[in-house]
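Step one of this worksheet: look at the structure below.
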Amino acid sequence: MVFEGSYSHDFTDRLRGGINIKLVYSSYERYSAFALASDIGLNYYDDDHDLSLSLVLKNMGGQLKRFEEKHDPLPFDIQLGFMKGLGESPFSFGITAFNLTKWNLPYYSHPQQSGNDAIELKSSFGSNLFRHLIFCAQYMPSQQFYIDLAYNYKTRTDMSSYQRNFLSGFSAGLGIKVRSFSIGLAYAMPHKSASTILLNLGLGIGELLQ
């Protein structure tokens, strides 16, 4: 279970920063753990050129209560984001770089060869580069509605030995905002046996009080 709260502030008309505090609780049978984590983000947005640049320091913190005697580190990550609109059209494209604290991200490939169960370790420069990147496209005809499509090469290669399908690595989402209320929905199917659906509900207290 995760309980979290966020705060953001506009430093200028183009620069915004924010912090997210998370209380994380986990329980397995008779074992339990508790951790405190925070995310810090900075975003630069140029409205004249429809350009957005972001930096996030994710999962800073540590365990306050351990499962056993060993401390398990939180999955700290540094992420960079780039988003650019295409002229006057409602379309935008973006790239997110993640896992920037670790360059080498090898994976095992399982060639589909009859009678051959050999696995092959993939760790080339190109493979590592693309396993750090997420590509996305957005259709946003108004400030109240958007549709997103993203591709994560790392997810697709991670699922190479788990009956991945054509949709492995792809995800799609849409969002609607009505005054101070917003709703977002995302869907992904990493492999043939399972899919994920994420639902996000938001309420702007400041807008509600105005």
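Note on the stretch 131-182: residues that are within 30 Å of residue 103 (Cβ to Cβ), open to solvent by 40 Å² or more (accessible area, probe 1.4 Å), among the hydroxyl-bearing types (Ser, Thr, Tyr) and over 18 Å from the mean Cα position of the chain (by Cα) amount to 2.
Is it the case that the stretch 190-198 has a residue that's closer than 24 Å to residue 55 by Cβ and modelled with pLDDT of 95 or more? No, the stretch 190-198 contains no residue that is closer than 24 Å to residue 55 by Cβ and modelled with pLDDT of 95 or more.
Would you check if residue 98 is open to solvent by less than 80 Å² (accessible area, probe 1.4 Å), touching a residue at least 12 places away in the same chain (Cβ under 8 Å) and within 22 Å of the chain's Cα centre (by Cα)? Yes, satisfied. Screening residue 67 against (1) open to solvent by less than 50 Å² (accessible area, probe 1.4 Å); (2) touching a Ser or Thr at 6+ places or on another chain (Cβ under 9 Å); (3) assigned to a loop (DSSP other than H, G, I, E, B) leaves a single unmet condition, (1).
Restricting attention to the stretch 28-52, and to residues there that are under 18 Å from the mean Cα position of the chain (by Cα) and of a type in the set (Gly, Ala, Ser), which single residue is surrounded by the most Cβ atoms within 10 Å (Cβ to Cβ)? Filtering the stretch 28-52 for residues that are under 18 Å from the mean Cα position of the chain (by Cα) and of a type in the set (Gly, Ala, Ser), the one surrounded by the most Cβ atoms within 10 Å (Cβ to Cβ) comes out as 37.
Screening the candidates 20, 59 for the property of being in contact with a strand residue (DSSP E or B) (Cβ under 6 Å, 6 or more places away or on another chain), in a strand (DSSP E or B) and at positive phi yields one hit, 59.
State all residues of the stretch 76-95 that are more than 29 Å from residue 128 (Cα to Cα) and either over 23 Å from the mean Cα position of the chain (by Cα) or open to solvent by 80 Å² or more (accessible area, probe 1.4 Å) (or both); if no residue qualifies, say none. If the condition is that a residue be more than 29 Å from residue 128 (Cα to Cα) and either over 23 Å from the mean Cα position of the chain (by Cα) or open to solvent by 80 Å² or more (accessible area, probe 1.4 Å) (or both), then 87, 88, 89 are the ones that fit. Name, by its number, the condition in (1) open to solvent by 60 Å² or more (accessible area, probe 1.4 Å); (2) touching a helix residue (DSSP H, G or I) at 6+ places or on another chain (Cβ under 7 Å); (3) not aromatic (Phe, Trp, Tyr) that does not hold for residue 73. If we test residue 73 against (1) open to solvent by 60 Å² or more (accessible area, probe 1.4 Å); (2) touching a helix residue (DSSP H, G or I) at 6+ places or on another chain (Cβ under 7 Å); (3) not aromatic (Phe, Trp, Tyr), just (2) comes out false.
Taken over the stretch 11-27, the residue count meeting the criterion of being over 14 Å from residue 63 (Cβ atoms) and either open to solvent by 80 Å² or more (accessible area, probe 1.4 Å) or under 23 Å from the mean Cα position of the chain (by Cα) (or both) is 10.
In the stretch 46-73, the residues that are of a type in the set (S, T, N, Q) form Cβ pairs under 9 Å with partners that are part of a loop (DSSP other than H, G, I, E, B), at six or more places apart or across chains, as follows: 59/74; 59/75; 59/76; 63/71; 63/72; 63/73; 63/74.
The values are calculated or read from the model by the stated rules, or taken from the named source; none is laboratory data. On a predicted model such as this, the values are computed, not experimentally measured, just so you know. Glycine also receives a Cβ, built like all others from the backbone with ideal geometry; neighbour counts cover every protein chain displayed. We work out accessible area using only protein heavy atoms, side chains counted, and drop any ligands, DNA or RNA first. Shrake-Rupley method; radii C 1.70, N 1.55, O 1.52, S 1.80 Å.
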